[in-house]
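> Pasting in a structure now, in structure tokens, and then I'll have a few things to ask.
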Amino acid sequence: MDLISMDEPDIVTGLFYFGGRFQRLEVRIENGKISAISRSITHGNRLSLPGAIFPGGIDPHVHFRDPGETWKEDFRSGSIAAAYGGTTAVIDMPNNALPIDNYEAYSSKLGTVRYKSFIDFGLASKFNGSNADIIHKESSLIKTYLGNSTNSAGVENIEEKQVAKLREFNVPKTYHLELGSCLDSHKMQEDSLHDHDNSRPKECEEAAFDQIGKIDLHPKVAAHVSHYFKNMRDGFDFLEVTPHHLFLNSEMPLGADGKVNPPLRGRKEQMDLIDKFISGAIDFVGSDHAPHSDEDKQEFNSAKSGIIGVETRLPLIASLVSKKIISPELFYRTCIFNPARIHGMNKGEIEIGRDADFISIDFNDPKRINENRLHSKRTVSPFNGFEAVFPSHVILRGRMVIDNFELIEDRSGQYIPGSGKKESL
């Protein structure tokens, strides 16, 4: 059947990734959710999608800078970039210029961004060491920074009474794992990515893993691991990796546009990390999308850390399937299924009752990333020229958002409150 463009099809047909393999199926949609899955469904308006069909991607680690620094990014531009990259839901981090570390700040942020998004979203809250009793109950996750990073001071010592209060939240406790005291002892003038690596060495990351791993507080997520080391899973439930730590290293001539926290490591550490990813040792991929302005990226030592990535996260990992480096199953698990389940979203699976979010991908049609065609406010990307596989079509709760690589839907994204109800993997 020819492709039919429509806002709200009753039935989507095509080659779905379902039950661990590709199958030609028809999927009925009612009220934005999957209501039937079959070889053939009678009666309904059909939309036949090309290529391989997966559930929409889930990126649980973005910094859309809204509110407070919207000249860098806002929920409109960030969510459009996410949609072009095949992501239908994100969780936005709490290190805004005004920290999201209490009920009032969370509610104010939600009021600001609620009607800006083209995709669904949740919001994270920040734990600052003493605020466990005033964190918003709808938070999608609770983020703790062990060392200083953008708009954040480090929290090293967490009192047991705070841990007890945090246990009341049945959502992921996610950690930026660089120990502040260790970072202080290695602080230096930085003129290159190599210097940045040395000023925030992997020993500081390992020390933070060791400290937080001893705390009985779950589910526990290690954000953006920059290298793989023995016993890093001790005390942790899930490991997140970013495309920049998988695909880039400190030996590349990226300048300040490759400056991130934790830093890019050497090529040896990068290759070891991607080998571990390929082996299945990493649970999910988050972009850590963290845009900055041109002014923020001028002189290396004073440049702020962070790069864009929400639009290229899923396409870069899909390129590994195209090259037959990883299986479709690993792509699906790390970019779609695991992040949805870990963060309690009703997405990420072709299953009755799940949100009808779909992306169609042609693994035989890789393209080079052209930063001039990306959709963040500042489009400079260290992945410029890298091979990627972008989705041709993106459907959000039964509504077409991207049609033949073009945005056609308006701001129909919905807020996903953290429910506290989690499903086992």
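The values are calculated or read from the model by the stated rules, or taken from the named source; none is laboratory data. This one's a predicted model, so the numbers in the text were calculated from it and none came from an experiment. Here Cβ is always computed from backbone atoms with ideal geometry, including for glycine, and neighbour counts include all displayed protein chains.
> Kindly provide the set of residues from segment 59-105 that are acidic (Asp, Glu) and under 19 Å from residue 417 (Cα atoms), ordered by number.
59, 66, 92, 101, 104 - these are the residues of segment 59-105 that are acidic (Asp, Glu) and under 19 Å from residue 417 (Cα atoms).
> If we scan segment 406-414, do we find a residue that is farther than 17 Å from residue 116 by Cα and at pLDDT 95 or above?
Taking every residue of segment 406-414 in turn, at least one turns out to be farther than 17 Å from residue 116 by Cα and at pLDDT 95 or above.
> Can you tell me which of 384, 338, 364, 346 is of a type outside the set (D, E, K, R), farther than 25 Å from residue 71 by Cα, modelled with pLDDT of 95 or more and touching a Lys or Arg at 6+ places or on another chain (Cβ under 9 Å)?
346 is the lone residue from the list that is of a type outside the set (D, E, K, R), farther than 25 Å from residue 71 by Cα, modelled with pLDDT of 95 or more and touching a Lys or Arg at 6+ places or on another chain (Cβ under 9 Å).
> Tally the residues that are among the acidic types (Asp, Glu) and not in a strand (DSSP E or B), restricting the search to segment 112-126.
So the answer is 0.
> In this structure, is residue 114 of a type in the set (Lys, Arg), more than 17 Å from residue 396 (Cβ to Cβ) and out of contact with any Asp or Glu (no Cβ under 8 Å at 6 or more places or on another chain)?
no
> Working carefully through the options 143, 202, 126, 137, find the one that is farther than 30 Å from residue 88 by Cβ, modelled with pLDDT of 95 or more and basic (Lys, Arg).
Every option except 202 fails the conditions.
> State whether the residues of segment 285-296 include one that is of a type in the set (S, T, N, Q), touching a helix residue (DSSP H, G or I) at 6+ places or on another chain (Cβ under 6 Å), modelled with pLDDT of 95 or more and crowded, with 21+ Cβ neighbours inside 10 Å.
Checking segment 285-296: at least one residue is of a type in the set (S, T, N, Q), touching a helix residue (DSSP H, G or I) at 6+ places or on another chain (Cβ under 6 Å), modelled with pLDDT of 95 or more and crowded, with 21+ Cβ neighbours inside 10 Å.
> Can you report the number of residues in segment 174-217 which are in a helix (DSSP H, G or I) and charged (D, E, K, R)?
Counting residues in segment 174-217 that are in a helix (DSSP H, G or I) and charged (D, E, K, R) gives 8.
> Same structure, new question: Which fully enclosed strands (runs of 3 or more DSSP E) of segment 1-111 have 3 or more residues being modelled with pLDDT of 95 or more and among the aliphatic types (A, V, I, L, M)?
11-18, 21-30, 33-38, 46-55, 87-92
> Checking residue 37 against (1) crowded, with 19+ Cβ neighbours inside 10 Å; (2) within 21 Å of residue 341 (Cα to Cα); (3) aliphatic (A, V, I, L, M), which test does it fail?
The number of the failed condition is (1).
> A follow-up question, please. Evaluate the following for residue 363: is it closer than 25 Å to residue 50 by Cβ, under 18 Å from the mean Cα position of the chain (by Cα), of a type in the set (Phe, Trp, Tyr) and buried (at least 16 other Cβ atoms within 10 Å of the Cβ)?
When the stated conditions are applied, residue 363 does not pass them.
> Do you know which of the residues in segment 73-85 that are farther than 23 Å from residue 337 by Cβ and of a type in the set (A, V, I, L, M, F, W, C) is surrounded by the most Cβ atoms within 10 Å (Cβ to Cβ)?
Among those that are farther than 23 Å from residue 337 by Cβ and of a type in the set (A, V, I, L, M, F, W, C), it is 75.
> To continue, here is another question. Being of a type outside the set (Asp, Glu) and touching a strand residue (DSSP E or B) at 6+ places or on another chain (Cβ under 6 Å) narrows it down to one of 187, 116, 161, 126, so name that one.
Matching residue, one of 187, 116, 161, 126: 126.
> While we're looking at this one, here's another question. Hey, does segment 234-248 have a residue that's more than 29 Å from residue 379 (Cβ to Cβ) and among the small types (Gly, Ala, Ser)?
Within segment 234-248 (the criterion being more than 29 Å from residue 379 (Cβ to Cβ) and among the small types (Gly, Ala, Ser)), the answer is yes, since at least one residue qualifies.
> Being touching a Ser or Thr at 6+ places or on another chain (Cβ under 8 Å), under 25 Å from residue 101 (Cα atoms) and part of a loop (DSSP other than H, G, I, E, B) is the requirement here; does residue 168 meet it?
Judged against the criteria, residue 168 is not a match.
> Would you check if there is a residue in segment 221-243 being closer than 23 Å to residue 92 by Cβ, assigned to a helix (DSSP H, G or I), within 17 Å of the chain's Cα centre (by Cα) and not hydrophobic (A, V, I, L, M, F, W, C)?
Yes, that holds for at least one residue.
> Six or more apart or on different chains, Cβ atoms under 9 Å: show the pairs whose first residue is in segment 240-263 and in contact (Cβ under 8 Å) with a residue 40 or more places away in the chain and of a type in the set (D, E, K, R) and whose second is in a helix (DSSP H, G or I) and surrounded by fewer than 24 Cβ atoms within 10 Å (Cβ to Cβ).
Within 9 Å, the pairs are 251/194; 251/267; 251/270; 257/297; 259/297.
> Considering each residue of segment 302-327, count those that are of a type outside the set (S, T, N, Q) and under 15 Å from residue 365 (Cα atoms), and give that number.
So the count comes out to 9.
A quick yes/no check of all residues on (1) among the polar types (S, T, N, Q); (2) surrounded by 18 or more Cβ atoms within 10 Å (Cβ to Cβ); (3) touching a Pro at 6+ places or on another chain (Cβ under 9 Å):
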residue: 347; (1), (2), (3): no, yes, yes
residue: 359; (1), (2), (3): no, yes, yes
residue: 376; (1), (2), (3): yes, yes, yes
residue: 393; (1), (2), (3): no, yes, yes
residue: 401; (1), (2), (3): no, yes, no
residue: 412; (1), (2), (3): yes, no, no
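> Considering segment 86-121 alone, what residues qualify as being surrounded by fewer than 24 Cβ atoms within 10 Å (Cβ to Cβ) and either among the basic types (Lys, Arg) or within 16 Å of the chain's Cα centre (by Cα) (or both)?
Of everything in segment 86-121, those that are surrounded by fewer than 24 Cβ atoms within 10 Å (Cβ to Cβ) and either among the basic types (Lys, Arg) or within 16 Å of the chain's Cα centre (by Cα) (or both) turn out to be 95, 109, 114, 116.
> Among all residue pairs at least 6 apart or on different chains, which show Cβ distances below 7 Å where the first residue, located in segment 266-285, is over 22 Å from residue 197 (Cβ atoms) and the second is of a type in the set (Asp, Glu)?
Listed by first residue and then by second, the contacts come to 283/240; 284/240.
> Sort out which residues of segment 197-210 are surrounded by fewer than 17 Cβ atoms within 10 Å (Cβ to Cβ) and either under 24 Å from residue 301 (Cβ atoms) or polar (S, T, N, Q) (or both), and write them in order of number.
198, 199, 203
> Here's another thing I want to ask about it. What about residue 139, is it crowded, with 23+ Cβ neighbours inside 10 Å, of a type in the set (Ser, Thr, Tyr) and in contact (Cβ under 8 Å) with a residue 40 or more places away in the chain?
In short, yes.
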